[in-house]
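Worksheet for the structure shown next.
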Amino acid sequence: MASDSIGRPLHGDETPGRPWRRRQRDFAYVVWSSFLMACAASAVFFAMVDPEVLSGTTTPGWEISRQAGYAIGFFGFWLLTAGTAAFAIWLVRTETQAGGGEDE
């Protein structure tokens, strides 16, 4: 029986895939974790704040619907959390290069 790169058995027409490169894994970590955190942040924030009320007080003259407010807020939270996750991964990756090795 054939197995993939980490030893799991393949079923049916599955073919062993090439493992993801480090940059691809880092991108997936950033996107997925920031998406989950944006979902949680949006749920907490919009449980307390109505986007239509917020729109009337922060952007006079602009008509933003409730649904558009939710979307703008979610993508804003996603961008913010993606930036912090990317910064955290950058810090972890550069720490080992600058330190010259592991401390014993």
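The values are calculated or read from the model by the stated rules, or taken from the named source; none is laboratory data. The structure displayed is predicted, hence computed values, not measured ones. Because the Cβ atoms are built from the backbone with ideal geometry, glycine has one as well, and the counts that use them run over all protein chains shown. Heavy atoms of the whole protein, side chains included, go into the accessibility calculation; ligands, DNA and RNA do not. Shrake-Rupley method; radii C 1.70, N 1.55, O 1.52, S 1.80 Å.
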* To do: Answer with yes or no whether Ser55 is at pLDDT below 85 and in contact with a Phe, Trp or Tyr (Cβ under 8 Å, 6 or more places away or on another chain).
  => yes
* List, please: which pairs have Cβ atoms under 8 Å, are six or more places apart or on different chains, and start with a residue in region 59-82 that is free of Cβ contacts under 8 Å to residues at least 40 places away in the same chain and end with one that is open to solvent by 60 Å² or more (accessible area, probe 1.4 Å)? -> Ile64/Glu52; Ile64/Ile72; Ser65/Glu52; Arg66/Glu52; Gly69/Glu52; Gly69/Leu54; Gly73/Phe45
* To do: Just need a number here: residues in region 26-70 that are surrounded by 11 or more Cβ atoms within 10 Å (Cβ to Cβ), in contact with a Pro (Cβ under 9 Å, 6 or more places away or on another chain) and in a helix (DSSP H, G or I).
  => 4
* Asked: Pairs, please: C-beta under 7 Å, at least 6 apart or cross-chain, first residue closer than 14 Å to Arg66 by Cβ and in region 36-52, second surrounded by 11 or more Cβ atoms within 10 Å (Cβ to Cβ) and at pLDDT 95 or above?
  -> Ser42/Phe74; Ser42/Phe77
* Asked: So which residues in region 1-52 are of a type in the set (Phe, Trp, Tyr), at pLDDT below 95 and either in contact with a strand residue (DSSP E or B) (Cβ under 9 Å, 6 or more places away or on another chain) or more than 15 Å from Ile72 (Cα to Cα) (or both)?
  -> Trp20, Phe27, Tyr29
